[in-house]
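Q: I'd like to ask you about the structure that follows.
The values are calculated or read from the model by the stated rules, or taken from the named source; none is laboratory data. Keep in mind that this is a model prediction, so the values were computed, not measured. Don't worry about glycine lacking a Cβ; one is built from the backbone with ideal geometry, like all the others, and counts go over all protein chains shown. In case anyone asks, the SASA skips ligands and DNA or RNA and just uses the protein heavy atoms, side chains included. Shrake-Rupley method; radii C 1.70, N 1.55, O 1.52, S 1.80 Å.
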Amino acid sequence: NVVSVAIPDQLHKDICCELLAAGKHVLCEKPLALTREDIEDIVKAANKANTKFMVGQICRFTPSFVKTKELIDNGTLGDIYFVESEYAHDYMNIVNPKDGVKHWRADNARHGVIGGGCHAVDLLRWLAGDPEEVFAYGTHKLLPQVTYDDSTIAIMKFPGEIAGKVYVSTGCKRDYTMRTVVYGTKGTVICDNTSPTMQVFVVDENGEAPEKPEIIELEVNNHNYVREFEVFAEAILNDTPVPTPAIEGAKTVEVCLAIVD
């Protein structure tokens, strides 16, 4: 049996551990959990179980980000030296709903960097590896209903002398986006998860950058859950590893917690 866990983040640990102990295959939505204790418990339960466990880090299935990963891996962009992503999402109507009912996303335990910003953090981990150092600054000017910073910028040092930045805003006055840029010695990618195109700059045979980027058309699918489900099903049917096991989800949350710290 397969269970998709799409309940509030605060409840992930108990239900995931119970399902794994009962012998179920589990696909758990991001973030894996909100605390170090909870992610450790889930990882232990997943390691002990004889079933598949996958974390729904959906950005790894977003068409523009999949194409960006391909351009990095095949060397088109050369040696990567800087990566950045952002999670810009206005939570105003979530933390202050018109019907007066408090939303689970308004829980102060669900810091914006962990609950939503984990998208951008996981994406950079996928593109550049596990950060070796991180520091961050935060401000709190937009959402007085919560205690955590509603605007956070984190600077990271990745392996291979790659610098990185993640910006998280849960009170920004704009449309939802995860604008992402990757800079390499041979080229640059500018993309997001809500646009039908992405921009790619690649040097020519003389090493000169083009005046205009190549525009690559893409499917707009910022939550490509169909592909996510397909990958999980394939892993179960073929008894192959899942791309985002519990430990991967835990590493992403750990980086988010380091940012918050």
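Q: Select from segment 108-137 the residues that are crowded, with 17+ Cβ neighbours inside 10 Å and of a type in the set (D, E, K, R) and write down the one among them that is farthest from the chain's Cα centre (by Cα). Break it down stepwise before answering.
A: From segment 108-137, those crowded, with 17+ Cβ neighbours inside 10 Å are 110-128, 131, 134, 136; that's our starting set.
With of a type in the set (D, E, K, R) added as a condition, the list becomes 110, 122, 125.
Values: R110: 15, D122: 4, R125: 8 Å.
Within segment 108-137, the match that is farthest from the chain's Cα centre (by Cα) is R110.
Q: Confirm whether D149 is surrounded by 18 or more Cβ atoms within 10 Å (Cβ to Cβ) and part of a loop (DSSP other than H, G, I, E, B).
A: Judged against the criteria, D149 is a match.
Q: Moving to a separate point now. For segment 203-220, indicate whether the set of residues that are basic (K, R) and closer than 22 Å to G116 by Cβ is non-empty.
A: Taking every residue of segment 203-220 in turn, none turns out to be basic (K, R) and closer than 22 Å to G116 by Cβ.
Q: Does D99 meet the test of being of a type outside the set (A, V, I, L, M) and more than 22 Å from A258 (Cα to Cα)? Can you show your working first?
A: Values: of a type outside the set (A, V, I, L, M): yes; more than 22 Å from A258 (Cα to Cα): yes.
Here the answer is yes, as D99 does meet what is asked.
Q: Give me a count of the residues in segment 32-50 that are touching a strand residue (DSSP E or B) at 6+ places or on another chain (Cβ under 8 Å) and either open to solvent by 30 Å² or more (accessible area, probe 1.4 Å) or under 24 Å from H103 (Cα atoms) (or both).
A: Result for segment 32-50: 1.
Q: Go through segment 176-188 and report how many residues are under 18 Å from the mean Cα position of the chain (by Cα) and either open to solvent by 10 Å² or more (accessible area, probe 1.4 Å) or farther than 27 Å from L257 by Cβ (or both).
A: Looking only at segment 176-188, we keep the residues that are under 18 Å from the mean Cα position of the chain (by Cα), and these are 176-182.
Now narrow it down to the ones that are either open to solvent by 10 Å² or more (accessible area, probe 1.4 Å) or farther than 27 Å from L257 by Cβ (or both): 176, 179.
Total satisfying the criteria: 2.
Q: Tell me, which residue of segment 190-228 that is open to solvent by 70 Å² or more (accessible area, probe 1.4 Å) and farther than 27 Å from D175 by Cα is nearest to the chain's Cα centre (by Cα)?
A: A209
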